[in-house]
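Enquirer: Here it is: the structure, laid out below.
Read-outs: derived from the displayed coordinates by stated rules, not from any lab. Remember, predicted model here, so these are calculated numbers, not experimental data. Heads up, the Cβs are rebuilt from the backbone with ideal geometry, glycines too, and the neighbour counts pull from every protein chain shown.
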Amino acid sequence: MSEGFFDAAAVRIVDGRPFDATDVPGGNPVAIVSEAFARKFWPGQSAIGRTMRVRETEVTVIGVAGDSKIRALGEDPVPFLYQPYAQAPTGGMTLVARTQGGADALIGAVMAAARRLDPDVVVVEAKTMERHLAASLLPHRLGAWVISAFGILALVLASIGLFGVVSYAVSTREREVGIRMAMGADAGRVVRLMMRGGLQLMAIGAALGLALSAAAARVLSGVLYGVNAMDPLAFVVAPLVLLGVALAAAWIPARRVTRISPVRAIRAE
């Protein structure tokens, strides 16, 4: 790392100092560690001034940086150590630039500046952080799309099954409807009675489904990033869809039954 890296990468220095122009070859070898690193090796103590051996060189900790996502956005904080490039050069470098405006428009300018510093430099890849994150999240997004598709399919199948069950349950009460109407019950009251029975089935199923979903959400919360496993929208939309299906499934056959002759309904098997 070089001077200014932590500001460019928006990584906080929570203790000590960042690298500066004094961290040069031949100077006192220094390093900055992450909070997770400090917690692991010096729990409850200050890491500043501690020494350790890195590749046969004894280095002194001059700062503690906030924990960052190193390999994956969903990972737990991992111990990480930073060294100044001037004291620990490597064969390859990654240039990080922070911009005030659109990052895409400045990629060319940043590459030109790098070539002015070293005309022989080979730029393997140049991209914005937004595109970098989009590429790293692509497998997770594809998985989410597939799971969403299966979820929608499951909702459709559940709706079809619920419609069939409720419709059948209401249709089997045709004889009861005929008797009620023969005794003077009006069609509206009979329809409400039939729909109440269908909604009772739906309410029982919804209660069981919500309870199981809440339990499953707690199990899955550990593998989700940036998503609330107990998302209220998810727990509201599906029950509302099934409620609408149950209402339609009960109303359609109930209206059909009330329109036939009470005598015919009473004679129905």
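Enquirer: What is the projected area of the convex hull of the Cα atoms of region 1-57, averaged over all directions, in nm²?
Expert: 4.5
Enquirer: What helices does the chain hold that run 15 Å or longer along their axis, going by alpha-carbon atoms, with a Kyte-Doolittle average of -1.0 or more, using DSSP H for the helix calls?
Expert: 107-117, 129-171, 187-220, 232-258
Enquirer: Something else now. Please say if the chain is rounded, prolate or oblate, where rounded means a/c under 1.5 for a ≥ b ≥ c the square roots of the C-alpha gyration tensor eigenvalues, and otherwise the choice is prolate for a/b larger than b/c and oblate otherwise?
Expert: Taking the square roots of the gyration eigenvalues as a ≥ b ≥ c, the chain is prolate.
Enquirer: Choose one of Val11, Thr94, Ser68: the residue whose Cα lies farthest towards the positive end of the charge dipole of region 4-94 (beta-carbon charges +1 Lys, Arg; -1 Asp, Glu; about the Cα centre).
Expert: The residue sitting most towards the positive pole is Ser68.
Enquirer: Hey, got the dipole for region 4-94? About the Cα centre, +1 on K and R Cβ, -1 on D and E Cβ, debye to the nearest 20?
Expert: Roughly 160 debye for region 4-94.
Enquirer: Quick check: pseudo-label points 7 Å beyond the Cα along Cα→Cβ at Asp104 and Ala126, how many nm apart are they?
Expert: About 1.5 nm separates the two model spin labels.
Enquirer: Calculate the dipole size of the chain relative to its Cα centre from +1 charges on Lys and Arg beta carbons and -1 charges on Asp and Glu beta carbons; express the result in debye to the nearest 20.
Expert: 1900
Enquirer: Under a plain spin-label model, where a point goes 7 Å from the Cα along Cα-to-Cβ, how far apart in nm are Leu142 and Arg115?
Expert: Label-label distance for Leu142 and Arg115, simple model: 3.4 nm.
Enquirer: How many angstrom lie between the Cα centre of region 165-206 and the Cα centre of region 95-119?
Expert: Here the two parts' Cα centres lie 71 Å apart.
Enquirer: With an 8 Å cut-off on Cα pairs and a minimum separation of 6 or more residues, tell me the relative contact order of the chain in percent.
Expert: 18
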